[in-house]
1. Confirm whether LEU404 is within 17 Å of the chain's Cα centre (by Cα) and not charged (D, E, K, R).
2. Just to verify a result, which residue in region 433-459, among those that are more than 16 Å from the chain's Cα centre (by Cα) and small (Gly, Ala, Ser), is farthest from the ligand (Cβ to nearest atom)?
3. For residues that are of a type outside the set (S, T, N, Q) and either modelled with pLDDT under 95 or surrounded by fewer than 18 Cβ atoms within 10 Å (Cβ to Cβ) (or both), tally how many sit in region 268-288.
4. Do we have any residue at all in region 170-192 that's within 19 Å of LYS72 (Cβ to Cβ), open to solvent by less than 50 Å² (accessible area, probe 1.4 Å) and either among the hydroxyl-bearing types (Ser, Thr, Tyr) or at pLDDT 95 or above (or both)?
5. Does at least one position in region 224-241 carry a residue that is over 25 Å from GLU340 (Cβ atoms), within 16 Å of the ligand (Cβ to nearest atom) and either open to solvent by 50 Å² or more (accessible area, probe 1.4 Å) or among the aromatic types (Phe, Trp, Tyr) (or both)?
6. If only one of ALA217, ALA208 is touching a helix residue (DSSP H, G or I) at 6+ places or on another chain (Cβ under 7 Å), open to solvent by less than 20 Å² (accessible area, probe 1.4 Å) and farther than 27 Å from LYS283 by Cβ, which one is it?
7. Looking only at region 354-379, which residues are away from the ligand (no atom under 16 Å from the Cβ) and assigned to a helix (DSSP H, G or I)?
8. For region 380-405, what are the residues that are open to solvent by 50 Å² or more (accessible area, probe 1.4 Å), of a type in the set (S, T, N, Q) and either in contact with a Phe, Trp or Tyr (Cβ under 8 Å, 6 or more places away or on another chain) or away from the ligand (no atom under 16 Å from the Cβ) (or both)?
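The values are calculated or read from the model by the stated rules, or taken from the named source; none is laboratory data. Only a predicted model underlies this, so the values are computations on that prediction, with no experimental measurement involved. Glycine gets a Cβ as well: all are built from the backbone with ideal geometry, and neighbour counts include every protein chain shown. Side chains included, ligands, DNA and RNA excluded: accessible areas come from the protein's heavy atoms. Shrake-Rupley method; radii C 1.70, N 1.55, O 1.52, S 1.80 Å.
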Amino acid sequence: MANDASAVSDAPSSAVSNSPLADPFTPPADSSLWRKNFLLGAATASYQIEGAVDEDGRLPSIWDTFSATPGKVLAGDTGAVACDHYHRWEADIDMLASLGLEGYRLSIAWPRVMDAAGRPNRKGLDFYKRLLNRLKEKGITSFVTLYHWDLPQHLEDRGGWLNRDTAYRFADYADLMSRELAGTVDAWATLNEPWCSAYLGYGNGHHAPGLANDRFATQAMHHLLLAHGLAIPVLRGNDPASQKGIVANIGRGTANSDSAADQRAAHLFEVQHNAWILDPLLKGEYPQDLFELWPGTEPLVLDGDMQTIAAPLDFLGINYYFRTNVASDGAHGFRDVPLEGVERTQMGWEVFPDGLRDLLTGFKKTYNNLPPIYITENGMASDDKVIDGHVDDTQRISFLKRHLAAVDQAIKAGVDVRGYFLWSLMDNFEWAFGYERRFGVVHVDYSTQKRTVKRSAELVAKFLKERKARV
Ligand code: FCB
């Protein structure tokens, strides 16, 4: 199987080479992607595209503060303007629709829609209402993430995710959003990637708010998951017809050798990357191995918290990008051992589609209550340039094809995967890497805000058109 997936990138299989559909992207005839009910869309996040950080009553977020701090973001970039999507949303939605994309995953900026006293900010809310109504008019399925990392700064000033109260404030925010937006949202995700919020935000400081302490990371994670668990029944009550879920980024860890110590290291890598989040959500408990890796970091958990966190889900969003090869650090942990001679992206991340398939099939074995899955992010960064009006993003085309083949393999192995969102609709503010790393299937010229559809997006559009035309 492993070889099958990578072979797809090198040469078209004989099954498709004679077909008029053959191109470097179109999936083979037997791929599950041809099913019309397999949702294919694109994703973005508020802070990464909106800009307009001071407009219409938006309050500062932790990413405004963090990106304004010298040395935190490459080249000193900030999300102040980003893709100016707050002003260009209509044209952006037209672009999404013209590509034939069937789903759009966006996030709401919490500091745009609520003031510090918890009162609604009408102007901010209206922005999302207009956007969601337009998606509905265009027949595009909307996946709305409530929290894609832009915590209101006033909540961080009171301890952020280290403060249990933030979980209750999040439930209030979920309540307001689902009352206001009920009927316009097809699927709600509470959090995007709690691993990044907790570990990168509070464990190693690479992301806002920039704190670095393992103990903080586990406590922040607990409050994030609690926030999620408190919000789920609120969303169900206010907007019963929609799907409710959460988005987790998962990581594949492989061992550098067959030694027991390296095997254990790879296991611990996946415990902290995956089980740390999925076990509480799906089993109602933290994996004890986590505290072998980070001794003495058990979070403060109150009675009933784990039941709250394990609220049943309608879907699980999975974000996947790369694998990490590790060896034992000689103590109770792991260290990265980057492999030589492997294909990497502009981020330095290894291209490893098999990891996605193996994780999905592994989760199916581990969790007997695994909900239906949507791949809510997958994609890659490359240093794309517009030449004569075109962007030929060859590596991305091959990357997407191979990862979609891996998803198809997981489906054929019995995993219920219902859709896939490209990360990202357009180049945007890539957090600590600013604007240098281009993940979009649409190129953005940040000096003019001109959008140029890349070759990858053209091929996805071509495939969707063919699929739609099929009887
Ligand atoms: C994920 C984030 C997303 C984007 C991609 C590249 O971790 O959810 O916002 O930055 O990585």
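1. On the way: within 17 Å of the chain's Cα centre (by Cα): yes; not charged (D, E, K, R): yes.
Yes: the conditions hold for LEU404.
2. Taking the candidates together, the pick is SER447.
3. Our first condition is that a residue be of a type outside the set (S, T, N, Q); within region 268-288, this holds for 268-271, 273, 275-287.
Filter again for either modelled with pLDDT under 95 or surrounded by fewer than 18 Cβ atoms within 10 Å (Cβ to Cβ) (or both), leaving 283-285.
Summing the residues that are of a type outside the set (S, T, N, Q) and either modelled with pLDDT under 95 or surrounded by fewer than 18 Cβ atoms within 10 Å (Cβ to Cβ) (or both) in region 268-288 gives 3.
4. Initially, region 170-192 is screened for residues within 19 Å of LYS72 (Cβ to Cβ), giving none.
No: zero hits.
5. Initial filter on region 224-241 (over 25 Å from GLU340 (Cβ atoms)): 224-241.
Filter once more, keeping what is within 16 Å of the ligand (Cβ to nearest atom): 224, 228.
Narrowing further to those that are either open to solvent by 50 Å² or more (accessible area, probe 1.4 Å) or among the aromatic types (Phe, Trp, Tyr) (or both): none.
No, that holds for no residue.
6. Working: ALA217 fails: farther than 27 Å from LYS283 by Cβ.
Exactly one of ALA217, ALA208 is touching a helix residue (DSSP H, G or I) at 6+ places or on another chain (Cβ under 7 Å), open to solvent by less than 20 Å² (accessible area, probe 1.4 Å) and farther than 27 Å from LYS283 by Cβ, namely ALA208.
7. If the condition is that a residue be away from the ligand (no atom under 16 Å from the Cβ) and assigned to a helix (DSSP H, G or I), then ASP354, ARG357, ASP358, LEU360, THR361, GLY362, PHE363, LYS364, LYS365, THR366 are the ones that fit.
8. THR394
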